[in-house]
1. Going by the conditions given, is residue 286 modelled with pLDDT of 95 or more, open to solvent by 10 Å² or more (accessible area, probe 1.4 Å), out of contact with any Asp or Glu (no Cβ under 9 Å at 6 or more places or on another chain) and assigned to a helix (DSSP H, G or I)?
2. Pick out the one residue from 76, 69 that is of a type outside the set (D, E, K, R), over 20 Å from the mean Cα position of the chain (by Cα), modelled with pLDDT under 95 and closer than 16 Å to residue 167 by Cβ.
3. Check off (1) in contact (Cβ under 8 Å) with a residue 40 or more places away in the chain; (2) more than 19 Å from residue 171 (Cα to Cα); (3) surrounded by 13 or more Cβ atoms within 10 Å (Cβ to Cβ) for residue 23 and give me the number that stays unchecked.
4. Just name the residue that is most open to solvent (accessible area, probe 1.4 Å) out of those in segment 76-99 that are among the hydroxyl-bearing types (Ser, Thr, Tyr) and touching a residue at least 24 places away in the same chain (Cβ under 8 Å).
5. Those residues that are part of a helix (DSSP H, G or I) and either charged (D, E, K, R) or open to solvent by less than 20 Å² (accessible area, probe 1.4 Å) (or both), I need them from segment 26-40; list them, please.
6. Of all residues in segment 41-52 being in contact (Cβ under 8 Å) with a residue 12 or more places away in the chain and open to solvent by less than 30 Å² (accessible area, probe 1.4 Å), which is farthest from residue 252 (Cα to Cα)?
7. Given the options 163, 150, 180, 114, name the one that is touching a residue at least 24 places away in the same chain (Cβ under 8 Å), of a type in the set (Ser, Thr, Tyr) and surrounded by 20 or more Cβ atoms within 10 Å (Cβ to Cβ).
8. Being open to solvent by 20 Å² or more (accessible area, probe 1.4 Å), in contact with a strand residue (DSSP E or B) (Cβ under 7 Å, 6 or more places away or on another chain) and either hydrophobic (A, V, I, L, M, F, W, C) or over 30 Å from residue 282 (Cβ atoms) (or both), is that true of even one residue in segment 192-211?
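The values are calculated or read from the model by the stated rules, or taken from the named source; none is laboratory data. None of the values given here were measured: they were computed from a predicted structure. Here the Cβ positions follow ideal geometry from the backbone for every residue, glycine too, while neighbour counts run over all protein chains shown. What goes into the accessible areas is simple: the full protein's heavy atoms, side chains included, and nothing from ligands, DNA or RNA. Shrake-Rupley method; radii C 1.70, N 1.55, O 1.52, S 1.80 Å.
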Amino acid sequence: HPSGDLLPLGPMKEVMSRALDAVDPEVLNYGPNPGMPEFRSELASLLGKEYGLPASSEQLMATNGNSYLMLAFSALAARKDRSECVLVEEETYFLAREIFKDMALDMYPVPCDSDGPVPSALAEALRTKDPCFFYTIPTHHNPTGRTITSERRQEMVELCAKSGCFVLADDVYQMLSFPSAPPPPQPLVAWDRPRNRREGESDKVPTEGTVVSMGTFSKIWAPAVRLGWAHAHPSIVNWLSNAGHVTSGGGVNPVMELIMLRVMREGMLNEHMRHVTSALASRYGALSDALDRELVPMGCSYLPVRGGYFVWVRMPAAEACATDATAWLKASQTKSEGAACTAAFHPGWKFGKGLERFVRLSFAAYHEDELVRGVGALARGLRTLLRA
C-alpha cells in the first residue's frame, strides 16, 4: 500500500466538499448497472490518453476495484457442473490466489521468463487443463516487477482466444511507470480478439472478446475510494454488468463515481499521478542503491524495474546459504545491539510453489531513509544465516 504522503487527503477534502453541488437528488439513488454515463465517458478519455488506445464508455464498467472483479468474474466464468481451473503466472499476487481458492478454483502455474509467460508452456497448459481464464499481471508485475513485452502479449491473447480461455488482466500498475522510463506496452486489451467457445460453455457467455482488463483508482489515487473499472468488448461489459449482484445493488458506487468524475475532469488525478510516480522512482532509486551496496555483494540478485511497487530479490545460492526466506525474515526481525531497525517482507512461498528462496520488497510504503535502513537490517539478518 502507499505511504500516507502519497494519499491525496487535501484534494479529496476539497472535491468532496462540493461534489454534490448542483446535482440531481437522484445521484443518491440506485445507479446504472455499468456505472454513471458521465463517469465512464470521462474515464474513457483518461484511458485513451494514458494507454494510447481509443476507448469508449460502452467498453467500460465501474467496479469496486480489482479484488471485487476477480471474485465476480470467477463466479461468472467458471462452469458450475464441473471442477474448474484457472491459469496463473508461476509467481503471482498472493491474495489473488486466496480469492481463487475461495471460489474453489484449481490453479495451474504457467512458467515465465523475462519477457513474460512462455508461449509453449501456455499452449500446453491451455491444451491439457482447459482453464476458464488466465489471470495475469502484465505491467510492473506483482511480485517480480516484470513487464510483458508487446510480442508476448499478442501471443498470449492469440493462444487464449483460440482455446476459448478468457484473459483476466490485472492492470493495476499500468499507469505507474517512472517518469524517466519508456512507456510500457499497451494493455492486453489492445490485442483483443474474438474467443472460441469452450466445449459445454453456456451460449450466454459472450465470445466477441477475450480480454478483460481490470483497472483501479487504488494505486493512482487512493485505496479507500473502492472504485475501479472493467475494460472489455461491449458484449462482455454487458454480461458483467447484468450479473445478479450488480442488478440487485443498482451499480457499485454511484456517489464515488461522481467524486472521481470531478477528480478526473479537473486535472487532479493527472497531477497526483505525477507526484506518485516521481516519488516511487526516487524511492526505488534509494532501494536499488542500497541493494547493490549491501545485498548484491553477499550473493543476492534482483530484477531492475521501471515502475510499480515491488522488487523481487533472490537469496544467495544454496551452497552459501542453505536456509530460506522465512528464516531470513525471522533473522531480519531480531533486534541486535546497535541495530537501528528491523525489516519485514513477504517471503516467496506466498506467491507460488518453489519460490522459498525469493522475497518481495515494497518501496511504496516507505521513504528513502527508511528503505536504506531496512536493507541494512536485511543485510544483518542475512549475515547471521551465512555464518550459520
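1. Details: modelled with pLDDT of 95 or more: yes; open to solvent by 10 Å² or more (accessible area, probe 1.4 Å): yes; out of contact with any Asp or Glu (no Cβ under 9 Å at 6 or more places or on another chain): no; assigned to a helix (DSSP H, G or I): yes.
No.
2. Values: 69 fails: over 20 Å from the mean Cα position of the chain (by Cα).
That would be 76, the only listed residue that is of a type outside the set (D, E, K, R), over 20 Å from the mean Cα position of the chain (by Cα), modelled with pLDDT under 95 and closer than 16 Å to residue 167 by Cβ.
3. Only one criterion is unmet by residue 23, namely (3).
4. Step one: list which residues in segment 76-99 are among the hydroxyl-bearing types (Ser, Thr, Tyr), which gives 83, 92-93.
Pick out the ones that are also touching a residue at least 24 places away in the same chain (Cβ under 8 Å) and you get 92-93.
Details: 92: 1, 93: 50 Å².
The extreme case among them is 93.
5. Residues of segment 26-40 part of a helix (DSSP H, G or I): 26-28, 37-40.
Matches in segment 26-40: 26, 38, 39, 40.
6. Per the criteria, the residue is 51.
7. On the way: 150 fails: surrounded by 20 or more Cβ atoms within 10 Å (Cβ to Cβ); 180 fails: surrounded by 20 or more Cβ atoms within 10 Å (Cβ to Cβ); 114 fails: surrounded by 20 or more Cβ atoms within 10 Å (Cβ to Cβ).
The conditions single out 163.
8. Residues of segment 192-211 that are open to solvent by 20 Å² or more (accessible area, probe 1.4 Å), as a first pass: 192-194, 196-197, 199-204, 207-208.
Filter once more, keeping what is in contact with a strand residue (DSSP E or B) (Cβ under 7 Å, 6 or more places away or on another chain): 192.
When the remaining residues are screened for being either hydrophobic (A, V, I, L, M, F, W, C) or over 30 Å from residue 282 (Cβ atoms) (or both), the result is 192.
Yes, there is a match, as at least one residue in segment 192-211 is open to solvent by 20 Å² or more (accessible area, probe 1.4 Å), in contact with a strand residue (DSSP E or B) (Cβ under 7 Å, 6 or more places away or on another chain) and either hydrophobic (A, V, I, L, M, F, W, C) or over 30 Å from residue 282 (Cβ atoms) (or both).
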